[in-house]
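Enquirer: To start, I am sharing the structure in question, which I have written as structure tokens.
The values are calculated or read from the model by the stated rules, or taken from the named source; none is laboratory data. Computed from a prediction, not measured in an experiment: that's the story for all the values here. In this analysis, Cβ positions are derived from the backbone assuming ideal geometry, glycine residues included, and neighbour counts consider all displayed protein chains. Ligands, DNA and RNA are stripped out before the accessible areas are found, and what is left, the full protein with its side chains, is counted by its heavy atoms. Shrake-Rupley method; radii C 1.70, N 1.55, O 1.52, S 1.80 Å.
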Amino acid sequence: DLRVEDHVAPIDELERVFRIHQASDLLRAHLRYAVEYEDQGDAAAAERERRRVGDALRIALGDSDASAGTLNALAWFCATADMYLDESLEAARRAVDLEPENTSILDTLAETNFRLGRVDEAIAIIEKAIEIEPDDSYLQEQRSRFGSER
């Protein structure tokens, strides 16, 4: 149940909330549907669901007001699903431009580079994140994982 009628600009608020939902829950649903369609032998429907993920990413990239959080969520989801990696890289870079000290966003950029086979770049980016949060064990694990692929 979503209500925005008491907001100053309800349509704008509804669109904002939908973009957040589109960058998270809807992506997972499209990927789940793709797997279900594949299991049923419907490759065309599975591909259509995967394209919807790419469409959401491209829409965010075309939105000059897209937030760092939205861009990061889309980039992370696509990168970890090994989908639309070039667009994911662009989204992660834009997110870093908006919030350069956010270690979660730096991690997304590193992960995307890693999945693209750019191991040295991934390590350099994760090192920057570790400089910001030196005691973060997850970032340390990422560095080890990336380094093991050299």
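Enquirer: Yes or no: A73 small (G, A, S), in a helix (DSSP H, G or I) and at pLDDT below 95?
Expert: For A73, the condition - small (G, A, S), in a helix (DSSP H, G or I) and at pLDDT below 95 - is met.
Enquirer: Looking at the structure I just gave you, is S64 under 21 Å from V96 (Cα atoms) and either open to solvent by 90 Å² or more (accessible area, probe 1.4 Å) or modelled with pLDDT of 95 or more (or both)?
Expert: It is true that S64 is under 21 Å from V96 (Cα atoms) and either open to solvent by 90 Å² or more (accessible area, probe 1.4 Å) or modelled with pLDDT of 95 or more (or both).
Enquirer: Could you list all residues from segment 104-116 that are under 15 Å from F146 (Cβ atoms) and assigned to a helix (DSSP H, G or I)?
Expert: Within segment 104-116, L106, D107, T108, L109, A110, E111, T112, N113, F114, R115 meet the criteria.
Enquirer: Still on this structure: Keeping to segment 97-147, report how many residues are closer than 17 Å to T70 by Cα, β-branched (V, I, T) and either at pLDDT below 95 or open to solvent by 30 Å² or more (accessible area, probe 1.4 Å) (or both).
Expert: So the count comes out to 0.
Enquirer: Another question, if that's okay. Give E38, E49, E87 a once-over and let me know the one that is modelled with pLDDT of 85 or more, more than 20 Å from E111 (Cα to Cα), acidic (D, E) and crowded, with 16+ Cβ neighbours inside 10 Å.
Expert: Of E38, E49, E87, the one residue that is modelled with pLDDT of 85 or more, more than 20 Å from E111 (Cα to Cα), acidic (D, E) and crowded, with 16+ Cβ neighbours inside 10 Å is E49.
Enquirer: Which one of these is in a helix (DSSP H, G or I), among the basic types (K, R) and either within 30 Å of E47 (Cβ to Cβ) or at pLDDT below 95 (or both): R94, R150?
Expert: Only one candidate qualifies: R94.
Enquirer: Moving on to the next point. Test A56 against the criterion of being over 11 Å from the mean Cα position of the chain (by Cα), in a helix (DSSP H, G or I) and small (G, A, S), and give yes or no.
Expert: No, not satisfied.
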